[in-house]
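The values are calculated or read from the model by the stated rules, or taken from the named source; none is laboratory data. As the structure is a prediction and not an experimental result, all values here were calculated from the model. Note: ideal-geometry Cβ built from the backbone for every residue, glycine included; neighbour counts use all protein chains shown. Areas reflect the complete protein model, heavy atoms only, side chains present, ligands, DNA and RNA absent. Shrake-Rupley method; radii C 1.70, N 1.55, O 1.52, S 1.80 Å.
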Amino acid sequence: GSISGNWQWNGDNLLGFTVGDVNLALYIFEPAGHKPGDKTPAIVFFFGGGWKNGSYLQFAAQSDYFASRGMVAASADYRIESIHHTKPDKCVEDAKSAVRWLRQHASELGIDPGKVVASGGSAGGHIAACTALFRSSPAVWTSLRCGPGARLAFDVSAETLRCTTGLDGGADVN
């Protein structure tokens, strides 16, 4: 059934996020014996692909690894140019929404909302960094922080982050 914020729980570990008529996925990997009410650190992965291609499945192995080490891990989907005809700013909005959603549903998912790590490779690393570095749109969820407690990025250049996203940086990580 519906949890809120357009996210739907399918009764398994796959969550679906709808943006307009676009369905996105957030796959949750849990440690053995994990249960709601736990206060486990979490990590969310964003795939690479130049904001044009890719799949949330790219980081399934890493998500499984971190879950085997006691963290709740998530591998997140986001809108991409080749399918959704979007620019990087929409990718960032989706990533911020994923981090906020994890925090909002921390007690249901058994995670510590203060210990959410954003991670990714290439474009996904840029997106993970953007969750902390760029201001939120006033049109999207502003009551919960989208900035992660930590970032882990693979194959990311800070200069290309600024140049390719066209986003204006700022210290406000809401």
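Couplings 3J(HN,Hα) of the stretch 72-78, computed from phi: 7, 10, 9, 10, 9, 8, 7 Hz, in residue order, whole Hz [Karplus 6.51 cos²θ - 1.76 cosθ + 1.60, θ = phi - 60°; x for Gly and Pro]. Once the C-beta distance of E81 and K39 is scaled by a Förster radius of 35 Å, the resulting FRET efficiency is 0.40 to the nearest 0.05.
Each peptide in 79-90, 31-42, 98-109 was scored by the mean count of other Cβ atoms within 10 Å over its residues; highest first, the order is 98-109, 79-90, 31-42.
The alpha-carbon of K87 sits under 18 angstrom from the alpha-carbons of these lysines, leaving out residues fewer than 8 places away in its chain: K52, K96. Surface exposure of the stretch 76-125, expressed per residue as accessible area with a 1.4 Å probe, stands at 30 Å². For the stretch 14-138, the convex hull spanned by the alpha carbon atoms encloses 96 Å³ per residue. Between D89 and V22, the simple label model (points 7 Å from Cα in the Cβ direction) yields a spacing of 1.4 nm. Applying 1/(1 + (r/R0)^6) with r as the Cβ-Cβ distance of S55 and E108 and R0 = 25 angstrom yields a FRET efficiency of 0.45.
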